[in-house]
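Report on the following structure.
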Amino acid sequence: MADLLTLITVAAEVTDGYDRDDWKHWTDADRDGQDTRQEVLDAESLAATVVANRRIRQGLWRSLYDGQQITDAGQLDIDHVVALGEAHESGGWAWDASTRELYANDLTNPDHLIAVSRGTNRSKGKRDPAEWLPPDTASWCQYLALWTIVKVRWGLTMDQAEYNRILQEANSSCTTLRVDPARIER
């Protein structure tokens, strides 16, 4: 993972101008009747899903951040691993509306959007790894790899504290983690 960090530009964040409404999300890009949230729920369920009124209601998901096994889709959030606000601060502020929408609904890489328990996602908010890591310490390396992959794939920057925290873990507890180069191609 430390090698992956060499592809990152370290820069100060642009903290003004973010409006979540500027990041059109949960669209149905393939027009199959399932919006982005439903697509992620369907893809990540470890068991057959139960659908009512064209919405996934039940299945079986494992929340990366806290290890919870969840069967009620209503107890899940679909997390932008790198939150929309963080993406804005890290270079997304310069994107046009179309690029922001592509980012907000990116289903081309399973590292981008993940189903996690509502509580842990909301505790994370838009904070970066210098400010928040999952309560399940066993998931830190995977989470930091996902974070870094998204940043590299989308050409986003990291602030110095964020970079330092990821590098620290890459050089200590995550030394055996290897990232397939195909995961960073967009």
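Which members of the stretch 14-42 meet the condition of being of a type in the set (Val, Ile, Thr) and open to solvent by less than 70 Å² (accessible area, probe 1.4 Å)?
Residues satisfying the conditions are Val14, Thr27, Thr36, Val40.
Can you spot a residue in the stretch 42-64 that is more than 19 Å from the chain's Cα centre (by Cα) and among the hydroxyl-bearing types (Ser, Thr, Tyr)?
Yes, the conditions are met somewhere in the stretch 42-64.
Report, by residue number, each residue of the stretch 155-181 that is part of a helix (DSSP H, G or I) and within 17 Å of the chain's Cα centre (by Cα).
Correct list: Glu162, Tyr163, Ile166.
Scanning the stretch 104-125 for residues that are within 15 Å of Lys151 (Cβ to Cβ) and modelled with pLDDT under 95, which turns out surrounded by the most Cβ atoms within 10 Å (Cβ to Cβ)?
Across the stretch 104-125, the extreme among qualifying residues is Asp111.
Looking at the structure I just gave you, is Leu156 among the hydrophobic types (A, V, I, L, M, F, W, C) and closer than 20 Å to Leu4 by Cα?
Details: among the hydrophobic types (A, V, I, L, M, F, W, C): yes; closer than 20 Å to Leu4 by Cα: yes.
Considered against the rule, which asks whether it is among the hydrophobic types (A, V, I, L, M, F, W, C) and closer than 20 Å to Leu4 by Cα, Leu156 comes out as yes.
Return yes when Asp180 is free of Cβ contacts under 8 Å to residues at least 60 places away in the same chain, surrounded by fewer than 20 Cβ atoms within 10 Å (Cβ to Cβ) and either of a type in the set (Gly, Ala, Ser) or on the phi < 0 side of the Ramachandran plot (or both) and no when it is not.
Taking the combined requirement at face value, the residue satisfies it.
Gly67: among the small types (Gly, Ala, Ser) and in a loop (DSSP other than H, G, I, E, B), yes or no?
yes
If the Cβ limit is 7 Å and pairs must be 6+ apart or interchain, which residue in the stretch 16-36 that is of a type in the set (Val, Ile, Thr) pairs with which residue that is open to solvent by 40 Å² or more (accessible area, probe 1.4 Å) and part of a loop (DSSP other than H, G, I, E, B)?
These pairs meet every condition: Thr36/His25; Thr36/Trp26; Thr36/Leu107.
Which residue, of Asp128, Asp136, is open to solvent by less than 20 Å² (accessible area, probe 1.4 Å), in contact with an Asp or Glu (Cβ under 6 Å, 6 or more places away or on another chain) and closer than 25 Å to Leu167 by Cβ?
Asp128
In this structure, does Ile56 turn out to be under 30 Å from Ala2 (Cβ atoms) and either among the acidic types (Asp, Glu) or assigned to a strand (DSSP E or B) (or both)?
Values: under 30 Å from Ala2 (Cβ atoms): no; either among the acidic types (Asp, Glu) or assigned to a strand (DSSP E or B) (or both): yes.
In short, no.
Give the residue that is farthest from Thr15 (Cα to Cα), with candidates limited to residues of the stretch 48-103 that are among the aliphatic types (A, V, I, L, M), free of Cβ contacts under 8 Å to residues at least 60 places away in the same chain and open to solvent by less than 50 Å² (accessible area, probe 1.4 Å).
Looking only at the stretch 48-103, we keep the residues that are among the aliphatic types (A, V, I, L, M), and these are 48, 50-52, 56, 60, 64, 70, 73, 76, 78, 81-84, 87, 94, 97, 102.
Then drop every residue that is not free of Cβ contacts under 8 Å to residues at least 60 places away in the same chain, which leaves 48, 50-52, 56, 60, 70, 73, 76, 78, 83, 94, 102.
With open to solvent by less than 50 Å² (accessible area, probe 1.4 Å) added as a condition, the list becomes 52, 56, 70, 73, 76, 78, 83.
On the way: Ala52: 41, Ile56: 36, Ile70: 35, Ala73: 33, Leu76: 28, Ile78: 24, Ala83: 14 Å.
Filtering first and then ranking leaves Ala52.
The values are calculated or read from the model by the stated rules, or taken from the named source; none is laboratory data. The structure displayed is predicted, hence computed values, not measured ones. Note that each Cβ is placed from the backbone with ideal geometry, even for glycine, and that neighbours are counted across all protein chains shown. Areas reflect the complete protein model, heavy atoms only, side chains present, ligands, DNA and RNA absent. Shrake-Rupley method; radii C 1.70, N 1.55, O 1.52, S 1.80 Å.
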